[in-house]
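The values are calculated or read from the model by the stated rules, or taken from the named source; none is laboratory data. This is a predicted model, so every value here is computed, not measured. In this analysis, Cβ positions are derived from the backbone assuming ideal geometry, glycine residues included, and neighbour counts consider all displayed protein chains.
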Amino acid sequence: MTENSVTPAATSESQSTLSSQPTGHLAMTAPNTICILRLSAIGDVCHAVAAVQAIQQHYPSAEITWILGKVEAMLLKDLPGVEFVVFDKKLGFKAYADLSQKLQGRQFDVLLHMQVALRANLASLVINAKRKIGFDWSRAKELHALFMRERIAPQETPHVLDGFAGFARHLGVPFLLQPSDKPQWQMPMSQADLDFAAAVVQPYREQGVSRFLVICPAASKAERNWLPQRYAAIADYATGLGFVVLLCGGPTAMEYQLRDDILQQAQNQIIDLVGKTSLKQLLALLQVASVVIAPDTGPAHMAVTVGTPVIGLYGHSNPDRTGPYLYRHYVVEVYHDELKLQTGQTAAAQKFGKRVKGSHIMEKISVDAVKLMLDKVIVQESL
């Protein structure tokens, strides 16, 4: 699919009504055109996909345009029924003029403004929409509320994905209404991407190996990474359990250094794929994996979209808010203890999602704790 092309999701028109207020009282016909504004980041756009596809299912004739970042578009391109318009932040202030030109002469029925960052708020100014819907007052940071005409219903302790679900519900979509409800994803991958992943694991499958552990060790900030010697220890432990271990990541200096440190300290073979995959190829690899180990980083959430269990390693952020959505019960975390240590209060007594700081935090996650969680995943997921 080209950057600004549209593939219709269906032909029949939904007769469902929608709510234009957070509590949902004013009914109107189904929207014909919907604009999604969520520029970044990888994990967040993965969460947003679930809400967007729920909207598509409920309003199959609606035309959906998604404004997002350049890197994020590489992952989501070819998402069925969605037109992508890239906002290139590297253009600086020219990015807004570029976006305005791409949208010239267009008016949407609805704008779902799913990002509170000032950059996204300014981008919303060049989007012509009859309705502009944003977050509720409690989450309206960086002047977000000033750019919106409607707000979704407030939520007490929402995961990021639950926040996006609020936008779908504001449009009358019955999405994640019950605790037992689970989001679903249909992530686009080409046959070439699938063939790439198959080629990586096939030689080991031919040797009778059926377990594959993917370690994505790097977060966007180095302080959120676990220690390389501990990643190496877990890789060796998994190898002893019959896993083939793959190391994945992007082509950055920090990730290459982390990879080198892990490989140097590991006693067993690890397949090195750091900097050697596209985002689509990585997604395909995560799909063939048996389990993924990662800190709070995009690939952890990518793995969730393809149904692969994730052991999340969390220290700085609350896993209830940003953890791997379907696998938060597999998170190994020291966040709550560190928050109590730093502030003297529990998470319940503070603003939800409060982060803790410190380069020492991730070292509090022990190798034994991750080993125990891997053992638990093996049993519960029948690996």
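Here are some notes:
- Hits in the stretch 182-209 (condition: surrounded by 11 or more Cβ atoms within 10 Å (Cβ to Cβ) and assigned to a loop (DSSP other than H, G, I, E, B)): Pro183, Gln184, Trp185, Gln186, Met187, Pro188, Met189, Ser190, Val209
- Selection of the stretch 211-221 for residues being modelled with pLDDT of 95 or more and either assigned to a helix (DSSP H, G or I) or within 24 Å of the chain's Cα centre (by Cα) (or both) yields Phe212, Leu213, Val214, Ile215, Cys216, Pro217, Ala218, Ala219.
- Qualifying position, being farther than 29 Å from Val82 by Cα and free of Cβ contacts under 8 Å to residues at least 40 places away in the same chain, among Val209, Val214, Val201: Val209
- Matching residues, the stretch 275-312, being touching a helix residue (DSSP H, G or I) at 6+ places or on another chain (Cβ under 9 Å) and assigned to a loop (DSSP other than H, G, I, E, B): Gly275, Thr277, Ser278, Ala289, Ser290, Asp296, Thr297, Val306, Gly307, Thr308, Pro309
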